[in-house]
Amino acid sequence: MNTHLDGNVLAGALGEVFAVDITTAVAQCASCGTSQAMGQALVYTDAPGLVARCRTCGEVVLRVTRSPGRTWLDMRGVRCLELHVPGE
Ligand SMILES: [Zn+2]
């Protein structure tokens, strides 16, 4: 019995998630466990892309790198991300 679907099933859910304002999302830091709005993170722009650090412990929570037509998102520093989905 086949228990999985292909990646196309993610399109609807991820399209909604990343259409919201990420700055209002509450991220729990994987290092210290503090939860804070992404808009409260300390963001450094003097690196390739943007580097967001936890305001409490200083560890990297998120990296975003862009090039024409592509975005790389590294969120290994976020244990959990709470997003407010409009209309629900
Ligand atoms: Zn932290």
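Cβ separations smaller than 8 Å between residues 6+ apart or across chains give the following pairs from the range 22-47 residues that are assigned to a strand (DSSP E or B) to residues that are modelled with pLDDT under 90 and among the hydroxyl-bearing types (Ser, Thr, Tyr): ALA37/THR23; ALA37/THR24.
The number of residues in the range 16-34 being at pLDDT below 85 and within 13 Å of the ligand (Cβ to nearest atom) comes to 0. GLY49 meets each of the listed conditions (1) under 15 Å from the mean Cα position of the chain (by Cα); (2) under 26 Å from VAL85 (Cα atoms); (3) small (Gly, Ala, Ser) apart from (2).
When the residues of the range 35-58 are narrowed to those that are away from the ligand (no atom under 14 Å from the Cβ) and small (Gly, Ala, Ser), which ends up nearest to THR23 (Cα to Cα)? Among residues in the range 35-58 that are away from the ligand (no atom under 14 Å from the Cβ) and small (Gly, Ala, Ser), the one nearest to THR23 (Cα to Cα) is GLY39.
Against the condition surrounded by 14 or more Cβ atoms within 10 Å (Cβ to Cβ) and within 13 Å of the ligand (Cβ to nearest atom), how does ARG79 come out, does it pass? Yes: the conditions hold for ARG79. Take the conditions within 11 Å of the ligand (Cβ to nearest atom) and of a type in the set (Val, Ile, Thr) and apply them to THR65. Does it pass? Spelling it out, it is not the case that THR65 is within 11 Å of the ligand (Cβ to nearest atom) and of a type in the set (Val, Ile, Thr).
The values are calculated or read from the model by the stated rules, or taken from the named source; none is laboratory data. Everything numeric in this text was worked out from a predicted model, so none of it was measured. Here the Cβ is made from the backbone with ideal geometry for all residues, glycine too, and neighbour counts use every protein chain on show.
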